[in-house]
Amino acid sequence: MAKIFTPTNQIRLTNVAVVRMKKGGKRFEIACYKNKVVSWRNNVEKDIDEVLQTHTVFTNVSKGQVAKREDLIKAFGKDDLTEVCKEILSKGELQVSDKERQNQLDSLFKDIATTVADKCVNPESKRPYPVSMIEKAMKDIHFSIKPNRNAKQQALDVIPQLKAIMPLERAQMRLKVQFSGKDARKQREKLAKLTTSIESENWDAGELNMICNIDPGHYREVDEIVHSTKGISGFLELLSLKEITEGEEMLE
């Protein structure tokens, strides 16, 4: 029986997730393991070898056609296959079936709603909303999911939109702050502007002791005031991540 000859510029792969990118007038594709592309883009998976089936750039994965070196240099300005693969992985379009795409979108939609429910409360009751209510509200405002962005990023995008149709606010961080120094009182004014409420405050021998609530988005600024301000010596403690009312009662 004659030996079957496979051209060296063809590589056959099966059960792959294909990421495609058009650049320089040509199409380039890479072969990845299923479910790993999103993990890489969300910085969950950091080992490129766990994502790529092969460090090869194709013009057509299904036909096993490998891209030419001169085409890579012309389009990407380099022929380092791993680096080109990373660029395609980051900026390319993940090719999936219609059913897979819908399942991914449904899963991402629920992840976004779950993140919102975890980060926010009803400002009147200080209790979290059920995920199902957040999902319904997202549908009511016709929130458009972006497949290439993670759930946390999109949750932060949708919160302001949901506020337009329902009472909603970020769950607060409860902090204990202590600092002293020649500019302590001036820095206290900056700190006060970042708080949503101050539970207690007292001065003892020039040292400020405060317990306050802030929006989580201001935590870095508070930390900078306490730890990075010249002439200020301070201490910052996170007492609770979410200042919510505990109990069995939930909004239906």
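The residue of the stretch 154-182 that is most open to solvent (accessible area, probe 1.4 Å), among those that are closer than 16 Å to His218 by Cβ and in a loop (DSSP other than H, G, I, E, B), is Gln172. When we screen Glu249, Glu237 for residues that are open to solvent by 50 Å² or more (accessible area, probe 1.4 Å), under 26 Å from Lys136 (Cβ atoms) and modelled with pLDDT under 90, the only hit is Glu249. Note on the stretch 138-153: residues that are under 15 Å from Asp118 (Cβ atoms) and crowded, with 16+ Cβ neighbours inside 10 Å total 3.
Taken over the stretch 194-218, residues that are touching a residue at least 40 places away in the same chain (Cβ under 8 Å) and either more than 27 Å from Pro123 (Cα to Cα) or not in a strand (DSSP E or B) (or both) amount to 3. When Gly217 is tested against (1) surrounded by 14 or more Cβ atoms within 10 Å (Cβ to Cβ); (2) modelled with pLDDT under 90, only condition (1) is not met.
Taking each residue of the stretch 179-193 that is at positive phi and at pLDDT below 90 and looking for partners that are surrounded by 14 or more Cβ atoms within 10 Å (Cβ to Cβ) and in a helix (DSSP H, G or I) with beta-carbon atoms closer than 8 Å, six or more apart or interchain, yields Gly181/Gln187.
To keep it simple, each residue is scored yes or no on (1) touching a Phe, Trp or Tyr at 6+ places or on another chain (Cβ under 6 Å); (2) open to solvent by less than 30 Å² (accessible area, probe 1.4 Å); (3) at pLDDT 95 or above; (4) of a type outside the set (S, T, N, Q).
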position: Met1; (1), (2), (3), (4): no, no, no, yes
position: Asn9; (1), (2), (3), (4): no, no, no, no
position: Lys23; (1), (2), (3), (4): no, no, no, yes
position: Cys32; (1), (2), (3), (4): no, yes, no, yes
position: Val51; (1), (2), (3), (4): yes, yes, no, yes
position: Asp98; (1), (2), (3), (4): no, no, no, yes
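One residue is enough: does the stretch 68-86 have a residue meeting the conditions under 30 Å from Glu135 (Cβ atoms) and either assigned to a helix (DSSP H, G or I) or open to solvent by less than 40 Å² (accessible area, probe 1.4 Å) (or both)? No, the conditions are met nowhere in the stretch 68-86. Among the residues of this structure, Leu191 counts as one that is of a type in the set (A, V, I, L, M, F, W, C), part of a helix (DSSP H, G or I) and either open to solvent by 80 Å² or more (accessible area, probe 1.4 Å) or out of contact with any Leu (no Cβ under 8 Å at 6 or more places or on another chain) (or both).
With the requirement that a residue be in a loop (DSSP other than H, G, I, E, B) and free of Cβ contacts under 8 Å to residues at least 12 places away in the same chain, what does the stretch 129-153 give you? Quick ask: steps written out before the conclusion?
Residues of the stretch 129-153 in a loop (DSSP other than H, G, I, E, B): 129-130, 141-150.
If the condition is that a residue be in a loop (DSSP other than H, G, I, E, B) and free of Cβ contacts under 8 Å to residues at least 12 places away in the same chain, then His142, Ser144, Lys146, Arg149 are the ones that fit.
Has the stretch 128-135 got any residue that is at pLDDT 90 or above, surrounded by fewer than 17 Cβ atoms within 10 Å (Cβ to Cβ) and on the phi > 0 side of the Ramachandran plot? The answer is no; no qualifying residue exists. The number of residues in the stretch 34-52 being within 15 Å of Gly92 (Cβ to Cβ) and in a loop (DSSP other than H, G, I, E, B) comes to 1.
The values are calculated or read from the model by the stated rules, or taken from the named source; none is laboratory data. Quick caveat: nothing in here was measured; it's all calculated off a predicted structure. Neighbour counts are summed over all protein chains in view; Cβ atoms, including those assigned to glycine, are modelled from backbone coordinates with ideal geometry. Quick note on the areas: whole protein, heavy atoms, side chains included, nothing else; ligands and nucleic acids left out. Shrake-Rupley method; radii C 1.70, N 1.55, O 1.52, S 1.80 Å.
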